[in-house]
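Single-structure report; data block below.
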Amino acid sequence: MSVSFTRRTALKGAAGAIALTGAGGAELAAAAPATARTLASPAAAGLLAAAGRKAPGNRRFEGKISALLKQMTVEEKLGQLQMRGGWEAGMDAEARAGRLGAILGSDSAAAINTLQRAALESRLGIPLIFGLDVIHGFLTTFPIPLAQGSSFDTRVALTDATVGAREAAASGIRWTFAPMVDVSHEPRWGRIAECYGEDPYMNAVFGVAKVRGYQGDDYGAPDRLAACAKHYAAYGQPEGGRDYNTVDVSEQRLRNMYLPSYMACVYAGCATVMAAFNTISGVPAHANVHTLTEILKQEWGFDGFVVSDYTGVQELIPHGIAADGKDAARLSLNAGVDQEMVSTNFLTYGAELLAEGKLSMERLDDAVRRILRVKFAAGLFDRPLVDESAELTAPSAADRARARNVAARSMVLLRNEGGALPLAKTVSSIAVVGPLGNDTQNLHGSWATVKGSQIPAVSIVDGIKAAVPGANVTFTAGSTVTGDDTSGFGAAQDAARAADVTVVVVGETADLSGEASSRSDIGLPGVQAGLVRAIAETGRPFVVVLINGRPLTIADWHELAPAILEAWDPGIEGGNAVADVLFGAVNPGGKLPVSFPRTVGQIPIYYNHENTGRPFDPNSKWTSKYLDLPNGPLYEFGFGLSYTTFTVSAPTLSTSSLSASALQGGARVQVSVQVTNTGSQAGDEVVQIYVHDPVASIVQPVKRLRAFRRVTLAAGASTTVRFRLGAEDLGYWTNDYGGEFVLEPGEFHIYAGNTSSTESVATLTVT
Ligand code: BGC
């Protein structure tokens, strides 16, 4: 018999007893606002929801909101539901008329104050809220989120969000459209750059770190922003990897794979949630009663507001669910979207819908109340204007140092044959080859802000020059990123022949990942693979640095390269951070948060897949496999090398058996793992804990990451890393539409290691 945690059954002591687990947990515990410390555990959020516990919410301003609601006309109410672009003409008049609630995309204090003054002149003087995509920095561009996931260190995301919030808030921005926590198994999808990879736990812990970094204890503070978990829900799994495309998922897949990250953000107090462009099992996310109202608002108790994505309400028409704009407004508002971004159907048709009884005043008031709740909490009523004289115009040296540190921590050493890396600082000549070697733009990544991307990033060639000032450092492009001209290969080879070592910098331009940037072929674009081959042909020592926003297929050339450093889109200090790793000032310790397929034909490929009834068997034809490829990826989730070596012991458990009811009451099993630096220099290792339930009522993934910790160890040093796993780590959500979380007795396999392919396992019996 299983123990069922339906949201209708209270789970004894859940809120109090659940401690933070894993690295995400330990690090986040320190950063968490005291009041949120137990509630906000990314892992515990699921259990709290299962037990019917609601997200913390914010009810400090209900009296003031009620007083305002009483005075508001229908048009003024609908005005709060409208967000328009700051670049659109006539927004000051709209604000003055009370027909505007929010502004997207303004990034200067003067522009923001101008519009805000107009809103303050409206009949009720309700301030606007200014939102912007501060995704991986505002002035100081940090590495893209996928890179940050590679750090397996949530402090990285906390730092990025803290700096981004401070810089953006100084310009009058009060709300960011981040974190993006869409689990994705689709490397063709360009927006994989914006998430934390293919695992729900990773997206949950990094999402929560971002929420904390943006919002702090109180997003009403002058250096904080309201956060927005997006894109709700399951946006990361578009068919064919094409952006905006169809998503069709079972309820259990939705709840186990896609929802936990949003849930964790909501339980961490995330102020707002953005609906996604995709359909979810036939119903567009913008008209989805089940995800928006039943789950988000009712089950989880989310009391902030749901914003549409850019014209997402209007898009219900081409989706094929709304006949016209009025229909779109009816469906979307009634499903639970509270504010419309850019398109104007709520404002245009809301009054008619009310008059016709197709929208209730109760629902309209609820939407307005949610928006005002966030505006009050953001301190907009007390502090509507920003001090223009305090606006920041450039990154500080301290923030640049943070960005450099974060970028270096986020790099993954994929290959290092014969200790090709680190490079000796005594080297006398270095050829930097490849079209991204002197780049100062693309290193910023796909979601750099306008202001951030106007500041040139430190190029890799400049970073190398600064690291080895005594060396002769040359730059030769060899090719462009996407073109087919190979006439530069000869010059690149000459440069390689003339140098002690060559650093080949290849990859994607920033606009090849991000929104609306799906690719069907995710190899190196253009002739860059040929350029790598051309350098290999010289027979001279070389290493490859990859700059990219998604996993790439590199099987066709990776064995030619003595070393490959995955640097992702590393941000403003990218060149310095790459040099830090190349020359060993930083020993790389990142791990892949996403699988690198061998070819696109393997997609979707992800470590947390289910087993088939015919698992791969090399001796049998009739098993699940390809005739022309191994099943596994080229580089798996959790994989990454170091300049030193580590051993990770088998896991030992504090008990071999626990009852389901004890676990339900908050009991936990402690998992201890000994990690030893067996090499000759200090370095970082990421200890990873996976669970598997081999016999369950619903087929379970072969492994699920449930905890990790990145540790730094001196050469020869050893430490014991301890984790605590509880019901939330072992149970799963069923297909029950109403939300049922079960923990089924039986054996559980608990794996420990430094990559997802670990076979080092201990067994826990749940009775
Ligand atoms: C994107 C969102 C973004 C919004 C506002 C949309 O196109 O999907 O992620 O927040 O634009 O810039």
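The values are calculated or read from the model by the stated rules, or taken from the named source; none is laboratory data. Source: prediction; values computed, not measured. So basically every Cβ, Gly included, is an ideal-geometry build from the backbone, and we count neighbours across all protein chains shown. The protein model used for the area step is the full one, side chains on, heavy atoms only, and it has no ligands, DNA or RNA in it. Shrake-Rupley method; radii C 1.70, N 1.55, O 1.52, S 1.80 Å.
Quick notes on this structure:
- Residues satisfying the stated conditions in segment 81-98, i.e. part of a helix (DSSP H, G or I) and open to solvent by 10 Å² or more (accessible area, probe 1.4 Å): D92, A93, E94, R96
- Of all positions in segment 331-350, none carries a residue that is of a type in the set (G, A, S), touching a Phe, Trp or Tyr at 6+ places or on another chain (Cβ under 7 Å) and either open to solvent by 40 Å² or more (accessible area, probe 1.4 Å) or at pLDDT 95 or above (or both).
- Tallying residues that are in contact with a Ser or Thr (Cβ under 7 Å, 6 or more places away or on another chain) and either of a type in the set (K, R) or outside any helix (DSSP H, G or I) (or both) within segment 309-324 yields 3.
- The single condition among (1) within 16 Å of the ligand (Cβ to nearest atom); (2) touching a residue at least 24 places away in the same chain (Cβ under 8 Å) that F376 does not satisfy is (1).
- Candidates L354, L364, L347 - the one that is in contact (Cβ under 8 Å) with a residue 60 or more places away in the chain and farther than 27 Å from G105 by Cα: L354
- Pairing residues of segment 413-428 that are assigned by TED's automatic domain parsing to the domain that holds V586 with residues that are open to solvent by 70 Å² or more (accessible area, probe 1.4 Å), at Cβ distances under 7 Å and at least 6 apart in sequence or on separate chains, gives S428/N472.
- Of the numbered criteria (1) among the small types (G, A, S); (2) in contact with a strand residue (DSSP E or B) (Cβ under 9 Å, 6 or more places away or on another chain); (3) open to solvent by 10 Å² or more (accessible area, probe 1.4 Å), the one A377 fails is (3).
- Every residue from segment 392-408 that is surrounded by fewer than 17 Cβ atoms within 10 Å (Cβ to Cβ) and outside any helix (DSSP H, G or I): T393, A394, S396
- Filtered residues of segment 281-313 (kept if within 16 Å of the ligand (Cβ to nearest atom) and open to solvent by 10 Å² or more (accessible area, probe 1.4 Å)): D309, Y310, T311
Okay, residues lined up against (1) more than 25 Å from A510 (Cβ to Cβ); (2) not hydrophobic (A, V, I, L, M, F, W, C):
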| site | (1), (2) |
| --- | --- |
| D382 | yes, yes |
| T393 | no, yes |
| L413 | no, no |
| N416 | yes, yes |
| P422 | yes, yes |
| S428 | yes, yes |
| V433 | no, no |
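- Test for T755: is it hydroxyl-bearing (S, T, Y), in the same structural domain as L653 (by TED's automatic domain parsing) and not in a loop (DSSP other than H, G, I, E, B): no
- Failed condition for G269, given (1) open to solvent by less than 40 Å² (accessible area, probe 1.4 Å); (2) part of a helix (DSSP H, G or I); (3) over 18 Å from Y244 (Cα atoms): (2)
- Residues satisfying the stated conditions in segment 213-239, i.e. open to solvent by 10 Å² or more (accessible area, probe 1.4 Å), of a type outside the set (S, T, N, Q) and either touching a residue at least 12 places away in the same chain (Cβ under 8 Å) or within 14 Å of the ligand (Cβ to nearest atom) (or both): G216, D217, D218, Y219, G220, A221, P222, D223, R224
- The set of residues in segment 427-444 that are assigned to a strand (DSSP E or B) and surrounded by 18 or more Cβ atoms within 10 Å (Cβ to Cβ) comprises I430, A431, V432, V433.
- For the condition β-branched (V, I, T), more than 16 Å from the ligand (Cβ to nearest atom) and either more than 21 Å from D382 (Cβ to Cβ) or surrounded by fewer than 19 Cβ atoms within 10 Å (Cβ to Cβ) (or both), V74 qualifies.
- In segment 307-326, the residues that are small (G, A, S) form Cβ pairs under 7 Å with partners that are assigned to a loop (DSSP other than H, G, I, E, B) and within 16 Å of the ligand (Cβ to nearest atom), at six or more places apart or across chains, as follows: S308/V337; G312/F277; G325/Q314.
- Scope segment 592-623; condition in contact with a strand residue (DSSP E or B) (Cβ under 9 Å, 6 or more places away or on another chain), in a loop (DSSP other than H, G, I, E, B) and open to solvent by 50 Å² or more (accessible area, probe 1.4 Å); matching residues: H609, N611
- Filtered by the rule that a residue be open to solvent by 70 Å² or more (accessible area, probe 1.4 Å) and either aromatic (F, W, Y) or not in a loop (DSSP other than H, G, I, E, B) (or both), segment 476-495 gives a lone residue, D494.
- Qualifying residue in segment 240-249 (condition: within 14 Å of the ligand (Cβ to nearest atom) and open to solvent by less than 10 Å² (accessible area, probe 1.4 Å)): no
- Enumeration of residues in segment 223-245 that are under 15 Å from G312 (Cβ atoms) and more than 19 Å from the chain's Cα centre (by Cα): N245
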